[in-house]
1. Looking at residue 77 and the list (1) in contact with a Cys (Cβ under 8 Å, 6 or more places away or on another chain); (2) more than 16 Å from residue 49 (Cα to Cα), which single condition is not satisfied?
2. At least 1 residues that are out of contact with any His (no Cβ under 8 Å at 6 or more places or on another chain) and modelled with pLDDT under 95 in each: list the strands (runs of 3 or more DSSP E) lying fully within the stretch 77-158 that qualify.
3. Suppose we keep only residues that are over 10 Å from the mean Cα position of the chain (by Cα) and among the β-branched types (Val, Ile, Thr) within the stretch 33-62. Which one would you say is surrounded by the most Cβ atoms within 10 Å (Cβ to Cβ)?
4. Quick one: would you say residue 107 is closer than 14 Å to residue 60 by Cα, among the hydroxyl-bearing types (Ser, Thr, Tyr) and either without any contact (Cβ under 8 Å) to a residue 60 or more places away in the chain or not assigned by TED's automatic domain parsing to the domain that holds residue 64 (or both)?
5. Would you call residue 106 surrounded by 22 or more Cβ atoms within 10 Å (Cβ to Cβ) and more than 18 Å from residue 52 (Cβ to Cβ)?
6. Checking residue 93 against (1) farther than 16 Å from residue 50 by Cβ; (2) touching a strand residue (DSSP E or B) at 6+ places or on another chain (Cβ under 7 Å); (3) surrounded by 13 or more Cβ atoms within 10 Å (Cβ to Cβ), which test does it fail?
7. Condition check: more than 19 Å from residue 146 (Cα to Cα), outside any loop (DSSP other than H, G, I, E, B) and not hydroxyl-bearing (Ser, Thr, Tyr). Does residue 42 satisfy that?
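The values are calculated or read from the model by the stated rules, or taken from the named source; none is laboratory data. Worth saying up front: this structure is predicted, and the values here are computed from it rather than measured. No Cβ is skipped: glycine too gets one built from the backbone with ideal geometry, and neighbour counts run over all protein chains shown.
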Amino acid sequence: MSDKMKKILVAVGVFIAALGGYASNDMLGAGVNTGERTMLNEVIAVTTSSAFLVNDFRNIEITVANTALTGTIKAVCSAQTDVDFDAVPSATNRYDTVELIDLSDGSSLPGSTGIVASADTSVSQYEVNANNFYYCAVVLQPFTSGTSTVKLRPANNQ
């Protein structure tokens with residue numbers, strides 16, 4: 001076998017090994033992570049989660065786990081690449097609350113209403129249609145008492 005052929009075989013082997021490092025149940029397509037992400041973790045105050053990049057996904061599943069929570073959780077999304085969910089929406093900071101679909105019964109919650117909890121201890125799952133959004137986040141406001149953990153998982157229904 002020639003040196004050139006050996007180099008080609010080594011290169012192919014390295015390429016295959018590199019591809020194997022990207023394979024997992026949480027990966028979609030070209031290495032896009034579809035694993036669950038923590039948006040809020042045992043939050044005990046008015047807060048806005050980090051913005052999560054959702055532009056590669058059709059839907060996002062949101063799991064909400066509340067412990068004696070009295071407050072309102074709303075999903076906010078934007079097609080703007082440099083949105084600031086902590087700032088007030090405006091012509092240069094474009095975002096809005098979005099509808100949530102309750103996965104237990106298929107009912108819809110208007111974005112402006114959100115998930116209203118009154119001394120609520122429960123775990124619920126919701127879906128957001130993220131077809132045209134770039135970033136999404138959740139906002140806990142108003143807040144009176146209790147804690148909330150919110151997880152996000154992107155999906156493409158594939």
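1. (2)
2. Those strands (runs of 3 or more DSSP E) span 115-129, 135-155.
3. 43
4. Judged against the criteria, residue 107 is not a match.
5. Taking the combined requirement at face value, the residue does not satisfy it.
6. (2)
7. On the way: more than 19 Å from residue 146 (Cα to Cα): no; outside any loop (DSSP other than H, G, I, E, B): yes; not hydroxyl-bearing (Ser, Thr, Tyr): yes.
No.
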